Amino acid sequence: MFQTSQIIQPAEGVGQDRLTVVQLGAQIIIAIADGAGGRSGGAEAADFVALLVRERAESLNSQSDCERILAELDETIASDKAAGETTAIVSIVSAEGICGASVGDSGAWLVK
């Protein structure tokens with residue numbers, strides 16, 4: 001089993017960053033969204049990432065699933081008038097390893 005903790009510290013004021021961690025048995029789904037600051041709708045776009053990953057967590061089992069959900073998020077965000085822009089990372093951590101996908105200038109590191 002995994003143990004997780006999380007904290008988000010915005011640089012100033014109210015941040016537009018979102019972190020979602022969903023534990024499903026022996027795997028953890030981690031999603032990070034960095035809403036584009038200085039533009040309207042960044043927080044709304046990041047909220048879409050968190051919401052959709054929570055809703056679809058049980059269907060995420062491979063790198064291609066992570067890629068698929070990011071493509072779906074892109075379409076959802078683009079069609080919403082209130083949503084702006086966000087980067088996103090979706091990763092799956094299990095005993096078999098780590099896989100995932102990202103868009104924008106965000107990335108994930110594995111540090112041993």
Which of (1) surrounded by 15 or more Cβ atoms within 10 Å (Cβ to Cβ); (2) within 15 Å of residue 106 (Cβ to Cβ); (3) touching a strand residue (DSSP E or B) at 6+ places or on another chain (Cβ under 6 Å); (4) hydrophobic (A, V, I, L, M, F, W, C) does residue 60 not meet, given it meets every other one?
(2)
With the structure loaded, tell me whether residue 66 is in contact with a strand residue (DSSP E or B) (Cβ under 7 Å, 6 or more places away or on another chain) and modelled with pLDDT of 95 or more or whether it fails that test.
yes
Pick from the range 82-112 the residues that are β-branched (Val, Ile, Thr), open to solvent by less than 50 Å² (accessible area, probe 1.4 Å) and touching a helix residue (DSSP H, G or I) at 6+ places or on another chain (Cβ under 6 Å): which of them is modelled with the highest pLDDT?
90
Residue check: is residue 76 of a type in the set (Val, Ile, Thr), surrounded by fewer than 19 Cβ atoms within 10 Å (Cβ to Cβ) and more than 9 Å from the chain's Cα centre (by Cα)?
yes
Under 6 Å between Cβ atoms, which residue pairs at least 6 apart in sequence (or on different chains) link something in the range 53-82 that is over 15 Å from residue 33 (Cα atoms) with a partner that is acidic (Asp, Glu)?
82/44
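The values are calculated or read from the model by the stated rules, or taken from the named source; none is laboratory data. None of these values were measured; they are calculated from a predicted model. Cβ atoms come from the backbone with ideal geometry, glycine included; neighbour counts cover every protein chain shown. These area figures cover heavy atoms from the full protein model, side chains too; ligands, DNA and RNA do not enter into them. Shrake-Rupley method; radii C 1.70, N 1.55, O 1.52, S 1.80 Å.
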